[in-house]
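Some notes on the structure that comes next.
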Amino acid sequence: MFERPDLVQAERFLNDFGLLSVSRDEALLLLRGTGASHFCYAVRKAQKARFAGFGLQVGSLAELDALANLPGASQVQASALVGGGYVVQLTDPSGFRVDAIWGQSPAEALPHRQPLPFNSVDAAVRINDTQRPPEQPPEVVRLGHVVLELADYQETCAWYTRHFGFIPSDVQVLPDGSPAVAFLRLDLGDEPADHHTLALAQGFVATYSHSAYEVVDADAVGMGQRVLRDKGWTHAWGIGRHILGSQIFDYWQDPWGDKHEHYCDGDLFTSAAPTGIHAVSREAMAQWGPTMPRSFTRPRFTPASIAALISNLRRCPDLTLSKLRTLARIFA
């Protein structure tokens with residue numbers, strides 16, 4: 001969920017990125033992928049551009065009622081958005097809005113092209129045929145994950161694991177062993193789940209890092225880069241393959257500088273997979289492709305963010321000058 005001063009400009013980028021418009025009026029823009037979801041991206045008209053939050057689907061009305069009893073939660077309300085259902089609006093310890101949703105009507109998936117057949121050295125599956133992916137925005141299938149930076153790192157991680165059942169797939173740590181990034185997946189038991197649906201990183205203020213959208217194959221990632229570059233949008237990082245999660249990725253900035261990722265070929269884990277512990281570094285973010293640029297994680301210093309930094313250093317047990325210096329040495 002985003003707030004933007006210009007819905008037409010927002011829609012132009014998102015359509016070029018591969019999301020499909022569901023509806024737009026003067027106040028609200030909804031977009032979807034080809035997957036079986038009524039929408040996966042909501043933009044509300046506002047004077048100031050900002051990331052507003054995200055939604056999580058829960059499994060039962062009883063779970064929704066339990067979330068409504070948390071401090072600061074709204075009552076269970078009927079959703080006015082397409083698909084209907086019921087929603088409880090929450091605020092996590094870092095101030096991000098989280099909409100817990102239950103009871104939406106089923107949505108139908110839309111057709112998309114199949115992954116291109118791939119000739120390997122041991123298996124030729126394409127004979128007397130060529131590869132010609134369509135020269136158009138890649139078909140986004142679904143929203144895959146959201147990544148947030150936090151000052152209140154430990155409290156926020158605990159909130160998501162306690163109230164939504166997230167479990168850690170991998171944790172990256174600083175040289176002193178303290179956690180810096182947690183890649184959290186859904187606990188679906190024996191059903192495979194994405195390596196991470198939510199990733200939380202230690203920062204000095206609460207801020208949006210990026211959101212990621214799955215496409216059908218690596219050619220779609222590559223065609224996305226070509227289309228977005230030809231349209232004049234700003235590239236952020238890629239193409240490469242992540243180490244943790246294994247996704248082939250490419251990142252782009254929307255008109256307000258917020259990063260959006262195309263990806264394919266992500267890892268899937270059941271609840272039995274153990275948590276991995278790894279040292280954090282810029283080099284640890286990709287197996288191949290360009291090293292993560294320093295601009296990718298460079299904070300935006302404004303009077304408001306500097307004031308928040310000073311406040312967070314005074315009150316937040318996760319944030320110290322020593323940790324800030326270490327993070328700056330690694331990422332800035």
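Values as computed for the structure displayed
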quantity: Pairs where the first residue, in segment 24-37, is surrounded by 20 or more Cβ atoms within 10 Å (Cβ to Cβ) and the second is of a type in the set (Lys, Arg), C-beta under 6 Å, 6+ apart; calculated: GLY33/ARG142
quantity: Unmet criterion (only one of (1) in contact with a strand residue (DSSP E or B) (Cβ under 7 Å, 6 or more places away or on another chain); (2) within 28 Å of PHE166 (Cβ to Cβ); (3) among the aliphatic types (A, V, I, L, M)) for LEU228; calculated: (2)
quantity: Members of segment 47-95 that are in contact with a Lys or Arg (Cβ under 7 Å, 6 or more places away or on another chain) and farther than 24 Å from THR161 by Cβ; calculated: ALA49
quantity: Matching residues in segment 291-311 - criterion: being in a helix (DSSP H, G or I), among the hydroxyl-bearing types (Ser, Thr, Tyr) and either under 21 Å from HIS210 (Cβ atoms) or not assigned by TED's automatic domain parsing to the domain that holds VAL205 (or both); calculated: SER295, THR297, SER305
quantity: Residues that are at pLDDT 95 or above, farther than 14 Å from CYS264 by Cα and over 18 Å from the mean Cα position of the chain (by Cα), drawn from segment 193-233; calculated: ARG226, VAL227, LEU228, ARG229, ASP230, LYS231, GLY232, TRP233
quantity: Members of segment 75-133 found to be of a type in the set (Gly, Ala, Ser), surrounded by 15 or more Cβ atoms within 10 Å (Cβ to Cβ) and either free of Cβ contacts under 8 Å to residues at least 12 places away in the same chain or in a loop (DSSP other than H, G, I, E, B) (or both), listed by number; calculated: SER79, GLY83, GLY85, SER94, GLY103
quantity: Residue that is under 17 Å from THR297 (Cα atoms) and either crowded, with 23+ Cβ neighbours inside 10 Å or in the same structural domain as HIS278 (by TED's automatic domain parsing) (or both), where the choices are VAL181, VAL171, VAL140; calculated: VAL181
quantity: Flag if PHE296 is of a type outside the set (Lys, Arg) and loosely packed, with under 12 Cβ neighbours inside 10 Å; calculated: no
quantity: Yes/no for ALA212 being among the aliphatic types (A, V, I, L, M), in contact with a Cys (Cβ under 7 Å, 6 or more places away or on another chain), closer than 22 Å to ARG282 by Cα and buried (at least 22 other Cβ atoms within 10 Å of the Cβ); calculated: no
quantity: Any chance GLY189 is assigned to a loop (DSSP other than H, G, I, E, B) and either assigned by TED's automatic domain parsing to the domain that holds ILE310 or not aromatic (Phe, Trp, Tyr) (or both); calculated: yes
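The values are calculated or read from the model by the stated rules, or taken from the named source; none is laboratory data. Because the structure is a prediction, the values reported are computed rather than measured. Here the Cβ is made from the backbone with ideal geometry for all residues, glycine too, and neighbour counts use every protein chain on show.
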